[in-house]
Structure formats: structure tokens, C-alpha cells
1. Somewhere in the stretch 369-377, is a residue under 21 Å from SER349 (Cβ atoms), open to solvent by 10 Å² or more (accessible area, probe 1.4 Å) and without any contact (Cβ under 8 Å) to a residue 24 or more places away in the chain?
2. State yes or no: is LYS459 surrounded by fewer than 18 Cβ atoms within 10 Å (Cβ to Cβ) and assigned to a helix (DSSP H, G or I)?
3. Residue by residue through the stretch 159-183, note down the ones that are of a type outside the set (A, V, I, L, M) and farther than 19 Å from GLN104 by Cβ.
4. What tally of residues in the stretch 17-41 results from selecting those that are open to solvent by less than 60 Å² (accessible area, probe 1.4 Å) and not in a loop (DSSP other than H, G, I, E, B)?
5. Taking the criterion of being under 15 Å from ASP211 (Cα atoms) and either touching a His at 6+ places or on another chain (Cβ under 7 Å) or assigned by the TED database to the domain that holds SER187 (or both), would at least one residue in the stretch 249-267 satisfy it?
6. Failed condition for ASN152, given (1) open to solvent by 10 Å² or more (accessible area, probe 1.4 Å); (2) over 24 Å from the mean Cα position of the chain (by Cα); (3) more than 16 Å from LEU129 (Cα to Cα), with all others met?
7. Give the stretch 212-224 a look and list any residue that's open to solvent by less than 10 Å² (accessible area, probe 1.4 Å) and more than 14 Å from ASP242 (Cβ to Cβ), or say none.
8. GLY311 fails exactly one of the following numbered conditions: (1) in contact with a strand residue (DSSP E or B) (Cβ under 9 Å, 6 or more places away or on another chain); (2) part of a helix (DSSP H, G or I); (3) under 21 Å from LEU214 (Cβ atoms). What is the number of that condition?
Amino acid sequence: MDLDIQCEEMNPSRWAELLSTMKSCSTIRLDDCNLSSNNCKDLSSIIHTNPSLKELKLNNNELGDAGIEYLSKGLLTPSCSLQKLWNQAKGCSWEPTKPNSKLQNCNLTSASCETLRSVLSAQPSLTELHVGDNKLGTAGVKVLCQGLMNPNCKLQKLQLEYCELTADIVEALNAALQAKPTLKELSLSNNTLGDTAVKQLCRGLVEASCDLELLHLENCGITSDSCRDISAVLSNKPSLLDLAVGDNKIGDAGLALLCQGLLHPNCKIQKLWLWDCDLTSASCKDLSRVFSTKETLLEVSLIDNNLRDSGMEMLCQALKDPKAHLQELWVRECGLTAACCKAVSSVLSVNKHLQVLHIGENKLGNAGVEILCEGLLHPNCNIHSLWLGNCDITAACCATLANVMVTKQNLTELDLSYNTLEDEGVMKLCEAVRNPNCKMQQLILYDIFWGPEVDDELKALEEARPDVKIVS
């Protein structure tokens, strides 16, 4: 049994009611529930007495260092079999449930790290630790690394985003990587590491015996200077499946170096995030080679790069290659216009692998989207999720979009937010949702203004099609 509660204030009676439920849960999620260190006393008892508990998520609660101290008393008992602990994350967002320990954004400081070190050293069942959005600092994470190096520690996933780390942390991390062959995922995004530290980290990864599968270095102050070393990791670690270096100013020169590693036969990358990396259409020639030759590559984010129509056309040509198996492409805010839509539509009519296309925040207009719909309606098209938010679409395009919704039963998610659809356009979409052939699961209509008649229709639609979520 799982307990999944988010964004709920916990009064004493409600808390007492939940405690009895927790005694038999395998997963407990209590994100944004205004918990404090006092609640951790009870949770420690649950950890101690419930051997079936595998995952604990306590993100966005003011637990503080005292709360972690209380939790550790349960975590250090022999009966504890917790695998995943999460104490991080911002906001009240949904994410898939999986067993672990989450303590994101819980007002922890370096003082908690000695306690967490003891847990890592003593609890071999713990395989995931998520402590992002806490001010642990370099000194605190160095203490954590001592726990990682303990032979009892079997940690596989370590998330340290927004932990106020500096370049000085890399030596300790590399020592831990050398000592911990079990580590599979390392997330260091949103820390001020810089090129020198990232180069040192990459050299350590190449030498380490661990089979790292995920490396996230977004917003770490990386430039093109680091890209040769990151490329070496790609060439030498066939285990690496997920690389995120978004929000770093690597530019076209850095991307060219990364592509050398991506194209290496040893590289088996599946997911590549390059959003806001100062890329231009010049990078698309190198990326096209990767798209058309790297059959393992399934997901790419190029959001907020100035690719322009010429760059997108190069990518589309590559995506028509039979060796291109990309399933998800994110090209929001890339300076695209209707001029590239014929090339995109051609991909949709040829490439059966592509399932997710996020192309919003580009000035495609009605003419461009009409051309896209020709590809969407092709029998070969297998798009499940299409994002067209803020694309200068009006009501004039909604009849064609409604036809796609009814005709393409594999299309389950459509985002049309921030477009001037007006009452006429939204009513056409509602009519499509009412059609039994429409298999839409989520229709996203943020910041679209309509009148009372549309309000009434949307309410009626909720009752007629409860399986369809309309987000507005």
C-alpha cells in the first residue's frame, strides 16, 4: 500500500489518522505538508516498526537538521529496509513514484551531513538519496562523501542539485566515485562548479570503476573548455545513458566537441539535454550526424537555442534516416517559423518512432500548423504528445486541429496554451473531445480567454468525458 499526499496542511487529528495507515505502507509521500521536526519523531518510529517501507518522500517541509536527527534514529535500526529517501524539490509538482528517500528543500544545512553520513555507513539497503535544494555546502557534502566510501554503503543514486557546492567538492566526489562501483546516477546541477572542476570530475569518471548511467551538470558554469573532457566520458563510459548539460554556455564549438564523444561507437546515450546552450543553426550539422547514426538516442531537448528554420530543416533531414530512432524532440523557443513546417511535416509522415514533439513558443502561425497537421494525419505518424503553446494560432486553425484529435487515436496530449483561440476555437476543440473516436487524455489550455458559454461547455464536458483532463 502507498500513501501519496501533497500540499495538505497537517493538523493533529489528520496526522494521527495517517500514522496508523503508515504502519503498513511501502511508499510514503508527504510533500508540501508543513511538516516539522516534531513529525519526524513519529516518522522515525514508522521507519523502525514498518519493515515493508521502501521509499520516503518529504520534500518541501521545514524539517531542519533536528528533523534529520530524529529520522536517523529509525534509519539506523537493523529492522529498517528503506531504499529511497527524498528531501528536496520546489513547488507542488507531480512526478512519478519510485522507491527512495527524498529530503529536497527541507531547510537542511551542513549540520545534517554527519547524521546522513552515519546512515550511509550503516544502512546498506539505502540505494537513493535526494537532498537537493538544501544548503549543505561543500563542507557538508565532503562529510557525505565519507559515508559513500564506507564499504557498507550501496548507494546507486545521489542527487545534489542546488546544494551550494563549489569547485572544491570535486576531489571528495572523485574519491567516492573510485570507491563506490555501485553508483549509477549523479546529479550536480545548479552548483557553481566551473570548467576546472568539471574537467577534474570527468577525468575521475573516466578512471572510476562505477558504471554511471546518469550525469546531470546543468547550470554549472560550463563553457566549451569542459566539452572535450565530457566527450571523453561519453567515449569511455558505454554505461552512460542520460547526459544533461543544459543552461551552460557551451556554444557551437562546445557542441562540436561533445558530438565527437556522442558519435564514438562506445557511446550508448539515450537522453541528451542541451537546452539554453547558446547553440545556433551551425550546431545542427553536427547534431544531424548524431541523429542519423546514433540509434540508441531516444530523447533530445534543444529548448531555447537559436536554431532557426535552417537548423531545424537539417535536423529534419536527419530524422528521416531509417537509423534515427528518436522518440522525443523538444524544440521550444528555437526561433522557428512556418518556413520549417514542411520539413517537420515530412518527418511526421516518415518517422514512426517520434512520439513527443514540443515545438511551442515558435511563431508557426496558422499556416505553419496547418502544414504540420498534414504530417500528423499521415498513417505513419505516431505522435502521442504535441505542444503548440504560444505559436500564434487562432480559431481559424482549430477545425484542422479538431480533425487531428478525432482522427489520430494515438494523440493523447495536446498543449495549445497562450494562443488566441477565442470562444469559436475552443468550442471546436470541445466538440472533438466529445467524439468517441477522440482518445485525448490531456488538453492544455492555459491563459486562453473565453466567455460563459465555453465555461458551461467545459463543465458539461468534464461530466461527459471524465477520462479527459482539461487544464486551464
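1. Checking the stretch 369-377: not a single residue is under 21 Å from SER349 (Cβ atoms), open to solvent by 10 Å² or more (accessible area, probe 1.4 Å) and without any contact (Cβ under 8 Å) to a residue 24 or more places away in the chain.
2. Numbers: surrounded by fewer than 18 Cβ atoms within 10 Å (Cβ to Cβ): yes; assigned to a helix (DSSP H, G or I): yes.
Yes, satisfied.
3. First pass over the stretch 159-183, keeping only residues of a type outside the set (A, V, I, L, M): 159, 161-164, 166, 168, 171, 174, 178, 180-182.
Result: THR166, ASP168, GLU171, ASN174, GLN178, LYS180, PRO181, THR182.
4. If we filter the stretch 17-41 for residues that are open to solvent by less than 60 Å² (accessible area, probe 1.4 Å), which is where we start, we get 18-19, 21-22, 25-33, 35-37, 39-40.
Filter once more, so that each one left must be not in a loop (DSSP other than H, G, I, E, B): 18-19, 21-22, 27-31, 37, 39-40.
The number of residues fulfilling the criteria is 12.
5. The answer is yes; a qualifying residue exists.
6. (3) is the only condition that ASN152 fails.
7. From the stretch 212-224, those open to solvent by less than 10 Å² (accessible area, probe 1.4 Å) are 212, 215, 217, 220, 222; that's our starting set.
Across the stretch 212-224, the qualifying residues are CYS220, ILE222.
8. In the conditions (1) in contact with a strand residue (DSSP E or B) (Cβ under 9 Å, 6 or more places away or on another chain); (2) part of a helix (DSSP H, G or I); (3) under 21 Å from LEU214 (Cβ atoms), GLY311 misses (3) alone.
The values are calculated or read from the model by the stated rules, or taken from the named source; none is laboratory data. Note that the structure is a prediction, hence the values are computed from the model and not measured. Cβ: placed from backbone, ideal geometry, glycine included. Neighbour counts: every protein chain shown. For the accessible areas, the whole protein counts, side chains as well, though only heavy atoms, and no ligand, DNA or RNA atoms are used. Shrake-Rupley method; radii C 1.70, N 1.55, O 1.52, S 1.80 Å.
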